[in-house]
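Let me begin by handing over the structure; questions about it come next.
The values are calculated or read from the model by the stated rules, or taken from the named source; none is laboratory data. What you see is a predicted model; the values in this text were computed from it and never measured. Using ideal geometry, Cβ is built from the backbone for each residue, glycine included, and neighbour counts are taken over all protein chains shown. Accessible surface areas use protein heavy atoms only, side chains included; no ligands, DNA or RNA. Shrake-Rupley method; radii C 1.70, N 1.55, O 1.52, S 1.80 Å.
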Amino acid sequence: EPIPGIALEYDLVRKFADGITLEETSAAARELLLDTSRVVLATSPQREGLAIPTEAELRRVIADASAWPVTPWTETLSRTDLLTEKPQPGRITGSREIPAIGVTVLTLSNGAEVWLKPTDFQNDQVLLGAVAAGGAATARKEDYFETLLSPSLVGLAGIGGLTPPELSKLLAGRMAQVNAWVDLQSHGLRGTSRPQDLETALQLLYLTVTQPNTDQRGFDLMTRQLSALVANRENNPQAVFRDRLRALNSGDHYMTQPITADVVASLDRETMVDAFRSRFANAADFTFFIVGAFDPQAARPLIEQYIASLPSTGERHNRPDGPLGFNFPAEVAKLTVERGREPRSETVLTFFADTKGDEQQEWLAGSAAALLQMRLRDILREDLGGTYGVSAGFSSLMPDPTYATTSVSFGSSPDNAPRLSEEVLTEIKRLATEGPTDDDVVKVREQERRELEVAERQNGYWMSSLQGAVVTGRDPEAIARRIARLDQLTAGALKEAIARYFPLSRYTHATLLPDPAAVSGQEKTGGNPPPQP
C-alpha cells in the first residue's frame, strides 16, 4: 500500500472520489481477485488427534464458498424509532449544588438522583453513567457467574425487541451507545453520545433497564463465544499464572476463580435473566451521571422523560456492602508456575496494604507505589539492564475496607528473576529505613501534579471520580482538593507509607517460568516447531 501522507491522500479523495462509479469498482475487484494469483496459508495448533485439512479439502471449501449465490440485500427492519411509545415522564423534585466541583444534583420523583457535570473539554462528547451498590457479591454463591455475566447476555441479545445488528442500522447517522455492567460490589450503566444525540442515548438507557432482550438465541451466542474464549485457557501460560496468583492472594475465594468450560456448560439462562432484572428493577437504587458538553437546562426535560420515568419502589434498598471475605496470606508465601516454552519469566510481588479504607491512606499508598516504581525503573532497567519495564501500584476493594494490596511486577529472563526480586526487596527495605531523597519527593509530587492536571481536563476522569465518591460514600468535594494535598507529600510521609504498605513480613512472591520439559523438548527438536500447513 502506498503511503503518500495524509495531506496528499485527502487531496486525492477530494479529486477522485465523486467520479468513481460502481461499475469501475466491480471491475477492479474482478481484476484483482483472481484464482491465478491467490495464495492460501493455513496454520493450526500442534496437538495430538487434531484433524488437519488437506490441500484438496481447502480447495474444495474455497470452491464451494465461491459458488454460493449472492442475492441483493433486503431490509428487514420493521421500525424507524427506538421507542414505539415514549414513557410517561416523571418529575424533578429537588436540586442542590456542589460548587467546588461544578456539579448539580437533581432528585427525581422515582427516588433516583442525577449528577450533572457540564464541561468544555470536548465539544462532541457526553458521557452517561449510573451506579448502584450490590453487584455480583449480593448473589448466592451458586449464582455468582450468572449474575456477573448477565449484562453480556443483554449485550448480545439486544434491547427493546431489537437485535444488535438491527440497533446498529436504526441508529445509522447517530452516535450513541449504552451498556449495562455488573461488578463485584456494584452495578450500573455506561454510555456515550454526541450532544445532539443525548436523547437517543437516554432512550437506549431506558430500554436497557425496562426492555432487555434475554432470548435463547442471545444466550446460545454468548455461551458459544465464552466456550471459544476458555477452550485453550489452560494452554495460555499467562492466564494460568494469573489464575493461580489470584487464588493465592484471595485465599482461593470463589469470586476470583476463572470461568472454565464447566462453568460455561452449567450457566442457566433463567437465573441470568432474574439476576439482571432484579438488579435494575429499582431506579431509586441508582445515582445517574451526565458529564460533558451538554446544556443542563435543555437536559432537564429529557431526564424527566427517560430517567424519572424508570420503574422504582421509591426507596433505596440497603444492599449488603460488608467484607467480601478475601483472605490474603498472613505471612510470606511463594508461588512458582512452570508453563510455556518461551525463555522468559514474569514476577509479581504482592503486599497486603491495610489502609482500612481511609481515603488519605489510600492516596499515600498509591504515592508510595509511584515512588517505588520510579526507583525500581532506575535500578532494574537502567542500572542492571535486567528488564524492559517494571510497574508498581496500589489496588483496593472499596467499599470493602478490609482488603487492599500493593504490588510490583516485572518481566525478565528466567535466570535473572531471583536476582531482580532481591533487588526489589532490598530497595523496599532501604526506602522504609532511610526514606526517599528530597529529589525523589519532588519527582513524585510533580509526576502526580502533571497527571492530575491532564486528568482534570478529561470527561472520563470526572465520571469515574464522581461514581467513586458515590460508591464509597466519600466527600465529592475532595476531588477538587487533590492537587492541593500534594503539599502533604513529604519524605517522612512516603517513608512511613513504604514501611506500612509494602510490609516485608506479609507478601506473596509469584514467578512464571518456562516449563523445563517443554524447553528440553524444544532443544531436542532444534527450536520451536513450525506451523502445520
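Yes or no, residue by residue, for (1) in contact (Cβ under 8 Å) with a residue 40 or more places away in the chain; (2) among the polar types (S, T, N, Q); (3) out of contact with any helix residue (DSSP H, G or I) (no Cβ under 7 Å at 6 or more places or on another chain):
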residue: ALA130; (1), (2), (3): yes, no, yes
residue: LEU149; (1), (2), (3): yes, no, no
residue: GLY158; (1), (2), (3): yes, no, no
residue: MET175; (1), (2), (3): no, no, no
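Take the residues in segment 131-178 that are touching a Lys or Arg at 6+ places or on another chain (Cβ under 6 Å) and outside any helix (DSSP H, G or I); name whichever of them is farthest from GLN225 (Cα to Cα).
ALA133
Further, regarding this structure: Got at least one residue in segment 215-226 being basic (Lys, Arg), open to solvent by 60 Å² or more (accessible area, probe 1.4 Å) and more than 26 Å from THR163 (Cα to Cα)?
No: zero hits.
Also, quick follow-up: Answer yes or no as to whether SER278 is surrounded by 14 or more Cβ atoms within 10 Å (Cβ to Cβ), under 30 Å from LEU108 (Cβ atoms) and under 21 Å from the mean Cα position of the chain (by Cα).
No.
Counting just the residues of segment 401-415 that are polar (S, T, N, Q) and in a loop (DSSP other than H, G, I, E, B), which one comes out surrounded by the most Cβ atoms within 10 Å (Cβ to Cβ)?
Once the filter is applied, the top-ranked residue is THR402.
Then there's this: Could we say that ARG319 is part of a loop (DSSP other than H, G, I, E, B), in contact with a helix residue (DSSP H, G or I) (Cβ under 8 Å, 6 or more places away or on another chain) and open to solvent by 40 Å² or more (accessible area, probe 1.4 Å) here?
yes
Can you tell me which residues in segment 417-467 are of a type in the set (Gly, Ala, Ser), in contact (Cβ under 8 Å) with a residue 60 or more places away in the chain and closer than 30 Å to ASN123 by Cα?
GLY460
Please report, ordered by residue number, the strands (runs of 3 or more DSSP E) entirely within segment 325-400 with at least 3 residues that are without any contact (Cβ under 8 Å) to a residue 60 or more places away in the chain.
The qualifying strands (runs of 3 or more DSSP E) are 390-396.
Here's a follow-up. Among the residues of segment 173-185, is there at least one that is closer than 20 Å to SER78 by Cβ and surrounded by fewer than 18 Cβ atoms within 10 Å (Cβ to Cβ)?
Among the residues of segment 173-185, at least one is closer than 20 Å to SER78 by Cβ and surrounded by fewer than 18 Cβ atoms within 10 Å (Cβ to Cβ), which makes the answer yes.
Related question: Among GLY19, GLY49, which is the only one that is open to solvent by less than 100 Å² (accessible area, probe 1.4 Å) and over 40 Å from the mean Cα position of the chain (by Cα)?
GLY19
In addition: Here's a check for you: in segment 56-90, which residue that is at pLDDT 90 or above and touching a helix residue (DSSP H, G or I) at 6+ places or on another chain (Cβ under 6 Å) is most open to solvent (accessible area, probe 1.4 Å)?
PRO89
Another question, then. Given (1) touching a Leu at 6+ places or on another chain (Cβ under 9 Å); (2) β-branched (Val, Ile, Thr); (3) within 30 Å of PRO165 (Cα to Cα), where does VAL13 come up short, assuming only one miss?
(1)
Follow-up question, since we're still on this one. Of the residues that sit in segment 487-515 and are β-branched (Val, Ile, Thr) and under 29 Å from the mean Cα position of the chain (by Cα), which one is farthest from ALA404 (Cα to Cα)?
Residue satisfying both the conditions and the ranking: THR511.
Considering only residues that are open to solvent by less than 20 Å² (accessible area, probe 1.4 Å) and at pLDDT 95 or above, which ones fall in segment 120-134?
Listed by number, the residues that qualify are VAL126, LEU128, GLY129, ALA130, VAL131, ALA132.
When residues of segment 95-111 are filtered for being assigned to a strand (DSSP E or B) and open to solvent by 20 Å² or more (accessible area, probe 1.4 Å), how many remain?
5
May I pose another question? Yes or no: THR163 open to solvent by 20 Å² or more (accessible area, probe 1.4 Å) and over 30 Å from PRO296 (Cα atoms)?
Yes; evaluated as a whole, the condition is true for this residue.
Does SER26 count as open to solvent by less than 70 Å² (accessible area, probe 1.4 Å), hydroxyl-bearing (Ser, Thr, Tyr) and either without any contact (Cβ under 8 Å) to a residue 40 or more places away in the chain or assigned to a loop (DSSP other than H, G, I, E, B) (or both)?
The answer is yes for SER26.
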